[in-house]
1. For the stretch 269-278, what does the Karplus curve 6.51 cos²θ - 1.76 cosθ + 1.60, with θ = phi - 60°, yield as ³J(HN,Hα) per residue in whole Hz, taken in order and with x for Gly and Pro?
2. Spin-label point model (7 Å from Cα, Cβ direction): what's the Ser125 to Ala158 distance in nm?
3. Which pairs, out of Lys244/Lys265; Lys247/Lys299; Lys266/Lys322, put more than 29 Å between their alpha-carbon atoms?
4. What distance in nm separates the two pseudo spin-label positions at Thr220 and Ile314, each 7 Å out from Cα along the beta-carbon direction?
5. Please report, as a whole percent, how much of the solvent-accessible surface of the stretch 219-347 comes from carbon and sulfur atoms (probe radius 1.4 Å).
6. Obtain the nm distance between the two label points defined at Asp184 and Ile295 by a simple spin-label model: each point lies 7 Å from its Cα along the Cα-to-C-beta direction.
7. Quick check: residue separation of Asp245 and Arg278 times 0.36 nm, minus the Cα distance between them. What number comes out in nm?
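The values are calculated or read from the model by the stated rules, or taken from the named source; none is laboratory data. Model, not experiment: these values are computed from the prediction. Glycine also receives a Cβ, built like all others from the backbone with ideal geometry; neighbour counts cover every protein chain displayed. All accessible areas refer to the heavy atoms of the entire protein, side chains included, with ligands and DNA or RNA removed. Shrake-Rupley method; radii C 1.70, N 1.55, O 1.52, S 1.80 Å.
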Amino acid sequence: GRPGHPGLSAILRGHGGRHPAVLADSRSAGARTQLALAAALGVAMPPIEIVVILFGFLLPLTAYVGRARLWAVAIIAAIAMLTCYMVHPVDLTGYTAADLAPEIRKIIDKPYNIQIYVIGVCQSSLSQTRVSNLQAQLSEWNFGMWVVCGALPPSDIAALQRKQLSLNSSFIRALLHYKANFVDSAQATFKDGVIIVDDDTEFHPDMPFLLEASIRDLDTWEPDWQWLHLCAGGLWGRHRSHPKDFKLHPKGVLGSITDGKIEVKKLPFLFGSWPTIRGKPVLPGGPDALYVKTIIINKLVEAMLFNIFDHIDIFLMSLAQKSDEWKAFIAREPQMCIENEQGATVLSV
């Protein structure tokens, strides 16, 4: 592990821990993800540690057995074990709320057909006010609302990295909590996807209708789509003086909405391809608010674990540019949300 980096147990559970960091680039994506999840969720010892133990037992034998032959056997055994581990698919089934995130707490307890996770800092009075505002809005709809309490990582990490680590780990914990409790659970009633938002998000009054219509249209015209950004600060006019009307107020020349891969009439509320402002891809943050399909959760978590210190909106935008592998869309007009406080933060870094 790297000195000063918290283990994934600390990242996903939101408290300090002494597990080694698992962000080294020397392992394959599959191996690193398995190791990360193993450390984070407290499951079986990862094979890389078994290999270390194996070498610890084998080294003393070199005094009695041909050294070259022993090393050959040990290396072959290690390669075989790691290969089996790397090709094994990521398995997130069977984990409960207690395993994944004890700091995720239910706010709205009512019949619901969709889950929404709010990323907040529960010890902050500002975040509590934001959550209350969202609760008042969401209580009118048929949503189940959860708050993910972001915790600050150890102080020996650089300030900006602490902030991103807190936000990104909360995002990951929300995805894993949803999957464990509403996808893998036998009692699950809604398995298609989940909404994750920053606590300073304010939704369009007709957001449920806009979301339902957009999902329907995407399922029809782009059935392999993976996630949908509900709003983007560069589109609705973050840090600009204009009415809160959820219309497009781009910070520069917006690329033609007719340039999308899908005709505008087929996706009336969405951009048919990733929008641009002044020729550059739009950042989807401000606030971070997106609907994630269940089918992509494992793959998205895996990618985030290896980019845990990146700004989440920059990270998601970079994935979306790889359109042969990732299928992401952004709301067009009206925007489904805006950022209520436009840039204020509750994270003490």
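1. Going residue by residue, I get 9, 10, 7, x, 9, 4, x, 10, 10, 6 Hz, with x marking Gly and Pro.
2. About 3.3 nm, to one decimal.
3. Details: Lys244/Lys265 25 Å; Lys247/Lys299 33 Å; Lys266/Lys322 23 Å.
In this structure, Lys247/Lys299 exceed 29 Å between Cα atoms.
4. Distance between label points: 3.9 nm.
5. 51 percent
6. Modelled inter-label distance: 2.1 nm.
7. On the way: separation 33, 0.36 × 33 = 11.88 nm, distance 2.28 nm.
The span from Asp245 to Arg278 would gain 9.6 nm if fully extended.
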